[in-house]
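Have a look at the structure below before the remarks.
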Amino acid sequence: VKRERFDPASLVAGLVICGLGTLLLLDQTGAIDLSFGYLWPALLGTIGAILLAVGMTGKRR
Amino acid sequence: VAGGLGRYFDIDPIIFRIGFVVLTLAGGAGVLAYLASWVLVPADPEPGQPPADRSRAATIVGAAILVVAACVLLGRGFFFFAPPLIGLGLIAVVGVLLWRAAGGNENAASTAAKLGLALLLLVVAVAGFVAVGLGAAIGGGAAIAGVVIALGVALAVSAFLGGRRWLVLPALIIAVPLGFVAAAGIDVKGGGVGDRDYQPTTVADLQRGYKLGIGQMRLDLTHVDLPPGRTPLRLDMGIGSVRMVVPDDVCVASKVKVGAGYARMLDRDSGGLDVDWRQSPEQKAGVKRLVIDGDVGIGEIQVVNSRSGFTTWDNHRQFDNQFDRRFDTRVGSIDLSPGSDANAACTEAA
């Protein structure tokens, strides 16, 4: 049986996207009031973390 | 130093270089850390090389974006660089994922295929941005945020099954426009689309609130004789312009929120992103007080009287009638000096 290789970049990307989605859900349900002052760092942090994770891990085989 | 650390931890030494610079700029700790490492870390025989099969470009861009994100969050500037950087970051994510998906080959056929795929993705992304933005603006934001979380969970789970990195693209295409709609506070449901002109002549004609989804709303209250005391008025606009003229004998208090755009309330104005203020001027007893609660997603909200004027972005309008003229005759005549008397009704005798 072929064993699938663990892909840390997918794990990091999935977790930061979950975090971003949770932030947006909290805003949509009225729990928080998201402003651009917090949106920019949230989006940049998500994109930066994904790029960093992809860049620091090897190519998938 | 960075090369030795990179080799020891098996990651690109550029990460350590960026870390040293950031720590140095953030208080000088980077200099001490570098000196300590220079003494303790053995020299790298092949300095500065990233580990094989890693992407240095993606690492550098990702680290740089994270540094800018931290600066924006901590209020250290870069605020105005954030929107274009998000666009560049999205392009970088798409480029890296496509490159990886194609296995990093550089022959002409694969390059053409990648370009074609990138163009197709661009078209899909633009259509997706618009569709998600509209869906969120008409009230589907919570469900869309749920989809983003579901994609994130699927991506994280896939890490143990070899990874499905392409899921990043739909997740970002959905999350970014939803974020814009959420931050701007755009709400167009139930408001309609078009131009609305209101010219009530009595207090009975005056509604407690006016709402428009997308378009232009103009209110002329100069013929309304408001009663002494507090009169609340709610103004809601998703995307567009709200302009209102009030009588000179009315004291205006305001709570204003504009996601992106411009707001003017008699002698006060502000523009840009996250315009948010509450103004409650002192007033004498018996004064007519109009309490405006204005909420605009993207656009402008302006309230003036004959002592102040609209800030206008178009000086060449044709006026069809007196109503139109009232909304554009006092072009740029606003006086924002501390002695401005545009809201003098608050302190004038009733």
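The values are calculated or read from the model by the stated rules, or taken from the named source; none is laboratory data. Given the structure is predicted, the values throughout are model-derived calculations rather than measurements. Every residue, glycine among them, receives a Cβ derived from its backbone with ideal geometry; neighbour counts consider all protein chains shown. Ligands, DNA and RNA are excluded from the accessible area calculation, which covers all protein heavy atoms including side chains. Shrake-Rupley method; radii C 1.70, N 1.55, O 1.52, S 1.80 Å.
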For this session: Restrict the check to segment B:111-125 and report whether at least one residue is open to solvent by 30 Å² or more (accessible area, probe 1.4 Å) and within 14 Å of another protein chain (Cβ to nearest Cβ).
Result: no
Exercise. Which is of a type in the set (A, V, I, L, M, F, W, C), within 31 Å of the chain's Cα centre (by Cα) and open to solvent by less than 10 Å² (accessible area, probe 1.4 Å), of B:Val250, B:Val258?
Worked result: B:Val258
Problem set entry | Residue satisfying condition, being in contact (Cβ under 8 Å) with a residue 12 or more places away in the chain and among the hydrophobic types (A, V, I, L, M, F, W, C), within set B:Val126, B:Val153, B:Val193 | B:Val193
For this session: Would you mind stating whether B:Ile149 is facing another protein chain (nearest Cβ under 7 Å), open to solvent by 20 Å² or more (accessible area, probe 1.4 Å) and β-branched (Val, Ile, Thr)?
Result: yes
Exercise. Does A:Asp27 satisfy the criteria of being part of a helix (DSSP H, G or I) and not β-branched (Val, Ile, Thr)?
Worked result: yes
Exercise. Is there any pair with a first residue in segment B:50-63 that is at the interface with chain A (Cβ under 7 Å from one of its Cβ atoms) and part of a loop (DSSP other than H, G, I, E, B) and a second that is at pLDDT below 60 and open to solvent by 60 Å² or more (accessible area, probe 1.4 Å) whose Cβ atoms are under 6 Å apart and which are 6 or more apart or on different chains, and what are they?
Worked result: B:Asp53/A:Lys59
Exercise. Name the residues in segment B:271-284 that are at pLDDT below 90, open to solvent by 60 Å² or more (accessible area, probe 1.4 Å) and within 15 Å of the chain's Cα centre (by Cα), would you?
Worked result: B:Leu273
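Okay, residues lined up against (1) open to solvent by 10 Å² or more (accessible area, probe 1.4 Å); (2) farther than 23 Å from B:Gln207 by Cβ; (3) within 21 Å of the chain's Cα centre (by Cα); (4) within 14 Å of another protein chain (Cβ to nearest Cβ):
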site	(1), (2), (3), (4)
B:Tyr262	yes, yes, yes, no
B:Asp269	yes, yes, yes, no
B:Leu290	no, no, no, no
B:Gly294	no, no, yes, no
B:Ile298	yes, yes, yes, yes
Problem set entry | Residues of segment B:81-101 that turn out to be at pLDDT below 70 and surrounded by 15 or more Cβ atoms within 10 Å (Cβ to Cβ), as a count | 1
For this session: Give the residue that is nearest to B:Lys257 (Cα to Cα), with candidates limited to residues of segment B:178-194 that are part of a helix (DSSP H, G or I) and in contact with a helix residue (DSSP H, G or I) (Cβ under 6 Å, 6 or more places away or on another chain).
Result: B:Ala183
Seminar exercise, completed: How many residues of segment A:32-61 are among the basic types (Lys, Arg) and either more than 7 Å from chain B (Cβ to nearest Cβ) or open to solvent by less than 20 Å² (accessible area, probe 1.4 Å) (or both)? The answer is 1
Exercise. Being of a type in the set (A, V, I, L, M, F, W, C) and assigned to a loop (DSSP other than H, G, I, E, B), is that true of even one residue in segment A:1-8?
Worked result: yes
For this session: Kindly indicate whether any position in segment A:9-31 is open to solvent by 60 Å² or more (accessible area, probe 1.4 Å), more than 7 Å from chain B (Cβ to nearest Cβ) and at pLDDT below 90.
Result: no
Problem set entry | The one condition in (1) open to solvent by less than 30 Å² (accessible area, probe 1.4 Å); (2) under 22 Å from the mean Cα position of the chain (by Cα) that B:Leu155 fails to fulfil | (2)
Problem set entry | Condition met for B:Arg289 (over 30 Å from B:Ala136 (Cβ atoms), basic (Lys, Arg) and part of a strand (DSSP E or B)) | yes
Exercise. Looking only at residues in segment B:158-172 that are more than 7 Å from every other protein chain (Cβ to nearest Cβ) and surrounded by fewer than 23 Cβ atoms within 10 Å (Cβ to Cβ), which one is farthest from B:Leu235 (Cα to Cα)?
Worked result: B:Trp166
